[in-house]
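The values are calculated or read from the model by the stated rules, or taken from the named source; none is laboratory data. What you are looking at is a predicted structure, and each value in this text was computed from that prediction instead of being measured. Note that we place each Cβ from the backbone using ideal geometry, even for glycine, and neighbour counts take in every protein chain shown. All accessible areas refer to the heavy atoms of the entire protein, side chains included, with ligands and DNA or RNA removed. Shrake-Rupley method; radii C 1.70, N 1.55, O 1.52, S 1.80 Å.
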Amino acid sequence: MDGDYLYQRNGVYIPGESVTDAIFENLYLSVRQKEQRIFSNAELMKLPDVSLNCKHHYEWSVRKKSCKRLLTYLKKKDRFLKILEVGCGNGWLSHQMAKIPRTEVIGLDINLTELEQAAEVFTTSNLKFVYGDPKKNILQNRQFDIIVFAASIQYFPSFVEIIRLTLNNLSAEGEIHIIDSFFYERKDLEAARKRGSEYYRNIGFPEMANYYFHHLLEEMNQFNYTVRQLPNSFFRKIFFRKNIFPWFCIRHTI
């Protein structure tokens, strides 16, 4: 793998043709700082466990449960797995997946600052962090058994485009897992967008709304998917009413 990249920066692998997006990164980090989502190295090592006085304690309790479910699912496969996490951020979930025996994990993101922290904190031999945008073919023809989007799918403008692109890097029997992100009914989409814009405006970063995208649940119908988080018969009733994140699994069309 290492030979495919021109250089490393503070432990992060960077494709030779990549140009860092400083505008988005600076904006994103400013928002996370405002939201109190920046962690020290010591705090990062403990995620998804956070202190009781953490502002986002409930959110992390939800993410801890979804992490546990995903890890349990992957362990049951009981075979060697090449795993890619798209939008890995500070790398905490990639680190958790790398604890599973017989795995090789890549955490991919366009936030170089968080990736450098991840590479500093998480140093296991089967885990690497790569800078770059999957839409720019930095993965080339590399194949993965598991591709994970955890709280990251909303940063891609087109859900259909990114999934179709990601399927090119999925092995024949592989799976794409989407967790910790909301999807919306068409009737609720405009209200959700307005809430998002209002939120970013209220915290002083209205331009961030241009980088956050609300995806329609119906777009999932273009793919061969199952809902693992909730039984299909209850999905629409419970998901939207109880504020529960769905867990989607997408495979190649049979």
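Values computed for the structure shown
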| read-out | value |
| --- | --- |
| Cα centroid of the stretch 148-187 to Cα centroid of the stretch 104-126, whole Å | 21 Å |
| Extension gain (nm, one decimal) between residue 222 and residue 188, 0.36 nm per residue minus Cα-Cα | 10.2 nm |
| Cβ-derived FRET efficiency at R0 35 Å, residue 61 paired with residue 7, nearest 0.05 | 0.35 |
| Solvent-accessible area per residue for the chain (1.4 angstrom probe, square angstrom) | 53 Å² |
| Within the chain, percent of DSSP bridges classed antiparallel, to nearest 5 | 35 percent |
| Under 28 Å from residue 64, Cα to Cα: lysines that are on another chain or at least 8 residues apart | 34, 46, 55, 75, 76, 77, 82, 99, 128, 237, 242 |
| Charge-dipole axis of the chain as Lys and Arg at +1 and Asp and Glu at -1 on Cβ define it, positive-most pick from 122, 27, 189 | 189 |
| Cβ-defined net charge surrounding residue 42, 14 Å radius [Lys, Arg +1; Asp, Glu -1] | -2 |
| Cα shape, the chain, gyration tensor, a/c 1.5 rule | rounded |
| The stretch 118-226: C-alpha gyration tensor shape, a/c 1.5 cut-off, then a/b vs b/c | oblate |
| Percentage relative contact order, the chain, counting C-alpha pairs under 8 Å, at least six apart | 17 percent |
| Rounded to the nearest 10 Å², the accessible area of residue 29 at probe 1.4 Å | 30 Å² |
| Efficiency of FRET from Cβ geometry, residue 79 and residue 211, R₀ 30 Å, rounded to 0.05 | 0.20 |
| Fraction of accessible area attributable to carbon and sulfur, the chain (%, probe 1.4 Å) | 49 percent |
| Three-way shape label, the stretch 63-182, alpha-carbon gyration tensor, a/c 1.5 | rounded |
